[in-house]
Amino acid sequence: MSVVTIAREGKIAVVTVDNPPVNALSQAVRQGLCDAVAALDADPDVAAVVLACAGRTFIAGADVSEFDKPPQPPHLPDVVAAIELAAKPWIAAIHGSALGGGFEVALGCRFRLAAPEASVGLPEVTLGIVPGAGGTVRTVRLAGVETAVDLVTTGKPVRAPRALELGLVDRIIVGDLRSGAIAFAQDLPDELPVPLSLRPAPTVPEAFWDNAETIIAKRVKGETAPLRALACLRRATEVDFAAAMQFERTTFLDLRASKQAAALRHVFFAERAAPRPAALAGIEARSLRNAAVIGGGTMGAGIAAALRDAGLPVILIERDDAAVERGLANLKTIFDGAVKRGRLTEAAAEARLAGVTGSTDYTALADTDLVIEAVFEELSVKRQVFDALGRVCRADAVLATNTSYLDPREIAKGLPGPDRFIGLHFFSPANVMKLLEIVPTPETDNTTLATGFALARLLGKVPVRAGICEGFIGNRILKRYRAEAEALVRQGVAIADVDAAMRAFGFAMGPFEAQDLGGLDIAFLQREGARAAGRDVPETLGDILVRAGRKGQKTGGGWYDYEAGDRRPLRSQDVAQLLRDQIKPGTALDAATIADRLVGAMAREGEAILAEGVAEKASEIDLVEIHGYGFPRWRGGPMFCTSAGG
Ligand code: 3H9
């Protein structure tokens, strides 16, 4: 069946793109659109053309899977030009998302109509590229430079009502979009809007561009596409249409072949594959109508907030009334914060909180579909919880532990029906961080595992299946990363140089700054526990600092000193003194060498994790690092960026 078809409603032709799943602009679609322009221009009975899409969305952009191959004609800029300069006016009828090349096609149309829930955008920078078919050149002409800079350099789509305000769409069609668009086409004004390619570009003062460049450079750190996109927008206002198109296309093709674009494509496809692992194809998840969380501390409250954000009613269990109150107060703080940041209305925040029932009574869980335990990280405490859950929960309720380091098999010991038990490792703050490590035990059945993945989809999280080992995937690599950072310090590299190198690499913080923020004592206590259990755990530099009372920012110092009320790290004489005997006088290393050492160590641990089957795919390890540990997305993750392709 053809991916582009033409139907007739009197004098209106309806061109429909049907290229599942998202109507991407593959070669066949581009060719189909060119053929449609030619056919309809030649048809004297056609007065106007509605461009619509079948399925869940309007054209979602260029076909990203074609980006590793040479571009095939007809090229998208020519397709958009053909639509724009067609003898018959084309009208885009947008539902779902008109993104990237999809929005560029819509920009070629004389009118853009949108369903109320539709969105439009130019997300190319999120793929390490710039729009390649006139997105920068036409948007400045349609909606002005401020809107264009926002749309193109952030890549964030805007919803139809806002798009209408910004002039990116002409009208919102409530009700049936196809018939609304046909009615609109039947009643076009005598004077049609001038095609964007024939309109003058706005005149923009130099200071606007300088200011925008400063702001964007600060935001994007090492990512190149946003500033290159800004350069395209600027050029679009400085030279004529054809020259601006040429500049944009050259930039697009250059970036398309770049390392950053390859990395971002790798992440794009890994993220889309993660929620639906092939091994679970056809396995139905249990239905989740409600959930419960045991423990209302930082982690438990974050998990409860995430469940509420997804619309599930939640029971929050704590050991006494005071702890229930504290747990509910933690949740209130989370929702209040969302109101302050403009993410929730006050009414919505109240409704979220009203959907949480606090209790000390486990029998309240008799009809709960999913229970997530998030109590203190100690085996005996967790076992007590599952002992109670085993007695009160339905036999088919999914019972999950949120543990970071304990062995889920030990936690589940003695649980009746261990096939419905699973590890769900959330990252703090659990209502914000995207990563969810899903850790089945050998007894977990596939339905329970599929329910873990279904939960991740419901919560909008990136799920990665992890096998059982100390720290699973993420914390195991973190341990290696920190050990390598300490090894550099032992060999004489300054603590601040290590942190600066990793910031320059793209992390928000270096490994030592991050430990000072989170506290050095958690990992210390864990090492001490292992030592107490008779394991041979060598003394770390961090241990020396904690023993001296330096646990991080909360104690006024860790790897660095801090002045009261100030989070800026200051080099510490005390630390130099404490570690004096451990550090060899060494030569300084440059930032790239430091980053190579640390990322190399992460990747080697990743290789071991793959070899042991703890992770299934290298790309999943990359997702863990990007979504759980702040690894710069545009580098593709440690496995990608140390591989031949990266
Ligand atoms: C561009 O347009 C450049 C132009 O300026 C220049 C050209 C010259 N290509 O996300 P989902 C697949 S750059 C190929 O789960 P949703 C995806 O892999 C492009 N495949 O759906 C998945 O496959 P599978 C600018 C694509 O309903 C399936 O579709 N556009 C593409 O949650 C479903 O995806 C973008 O960046 C693509 N462009 O969300 C838009 N997009 O089933 C990217 C998706 O085999 N796409 N797939 O795993 C999206 O943001 C979302 O897919 C969308 C739907 C919001 C559309």
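The values are calculated or read from the model by the stated rules, or taken from the named source; none is laboratory data. Quick caveat, the model's predicted, so the values are computed rather than measured. Cβ coordinates were reconstructed from backbone atoms using ideal geometry, including for glycine residues, and neighbour counts include every protein chain displayed. Surface areas here come from the heavy atoms of the whole protein model, side chains and all, with no ligands, DNA or RNA. Shrake-Rupley method; radii C 1.70, N 1.55, O 1.52, S 1.80 Å.
Using the Cα gyration tensor of the range 75-129, with a ≥ b ≥ c the square roots of its eigenvalues, what is the shape: rounded (a/c below 1.5), prolate (a/b larger than b/c) or oblate (neither)? It is oblate, given that a/c is not under 1.5 and a/b is not larger than b/c.
Restriction of the GluC sites (Glu not before Pro) in the range 32-120 to DSSP coil positions whose beta-carbon has at most 16 other beta-carbons within 10 angstrom yields E117.
Among beta bridges identified by DSSP and lying wholly in the chain, the antiparallel ones come to about 30 percent. Need the C-alpha centroid separation for the range 168-185 versus the range 1-53, integer Å. That distance is 17 Å.
When a/c reaches 1.5 or more, the comparison of a/b and b/c decides; with that in mind, is the range 359-459 rounded, prolate or oblate per its Cα gyration tensor?
In terms of gyration-tensor shape, rounded.
With a ≥ b ≥ c the root eigenvalues of the C-alpha gyration tensor of the range 543-595, is it rounded (a/c under 1.5), prolate (a/b larger than b/c) or oblate? It is oblate, given that a/c is not under 1.5 and a/b is not larger than b/c.
Remark: the chain carries 43 Å² of accessible area per residue (probe radius 1.4 Å; ligands, DNA and RNA excluded). Derived scalar couplings between HN and Hα for the range 292-306 equal 9, 10, 9, x, x, x, 4, 5, x, 5, x, 5, 4, 5, 4 Hz in order, rounded to whole Hz, by the Karplus curve 6.51 cos²θ - 1.76 cosθ + 1.60 (θ = phi - 60°), x for Gly and Pro. Overall, the accessible surface of the chain at a probe of 1.4 angstrom is composed of carbon and sulfur to the extent of 53 percent.
Compute the distance from the alpha-carbon center of the range 234-307 to that of the range 369-441, in whole Å. Cα centres, the range 234-307 to the range 369-441: 28 Å.
By the scheme Lys and Arg +1, Asp and Glu -1, what is the net charge of all other residues having a beta-carbon under 13 Å from that of R580?
Here the charged neighbours net out to 0.
Helical runs assigned H by DSSP (4 residues or longer) give the chain a calculated mean residue ellipticity at 222 nm of -14500 deg cm²/dmol, each run adding -39500 (n - 2.57) before division by the residue total. Charge dipole of the range 279-465 (Cα centre as origin; +1 on each Lys and Arg Cβ, -1 on each Asp and Glu Cβ, all else neutral): 540 debye, rounded to the nearest 20.
Would you please name the trypsin sites (Lys or Arg not before Pro) within the range 225-320 that are DSSP coil residues with at most 13 other C-beta atoms within 10 Å of their C-beta?
Answer in residue order: R289.
Based on Cβ point charges of +1 for Lys and Arg and -1 for Asp and Glu, what charge dipole magnitude is obtained for the chain about its Cα centre, in debye rounded to the nearest 20?
400 debye
Listed by chain and number, the lysines whose C-alpha is less than 21 Å from the C-alpha of K617, apart from same-chain residues fewer than 8 away, are K259, K434, K461, K479. Applying a DSSP loop filter and a limit of 14 other Cβ atoms within 10 Å to the chymotrypsin sites (Phe, Trp or Tyr not before Pro) in the range 334-403 leaves F376. Summing Lys, Arg as +1 and Asp, Glu as -1, what charge do residues with Cβ under 12 Å from the Cβ of T642 carry, T642 excluded? Net of charged neighbours comes to -2. Backbone phi angles across the range 595-603, fed through the Karplus curve with coefficients 6.51, -1.76 and 1.60 (θ = phi - 60°), yield HN-Hα couplings of 4, 4, 4, 6, 5, x, 5, 4, 5 Hz in residue order; Gly and Pro are listed as x.
Assigning unit charges at the beta carbon (Lys, Arg +1; Asp, Glu -1) and nothing else, what dipole magnitude in debye, to the nearest 20, does the range 474-613 show about its Cα centre?
Numbers: 20 positive and 21 negative charges, 41 e Å.
In total the dipole reaches around 200 debye.
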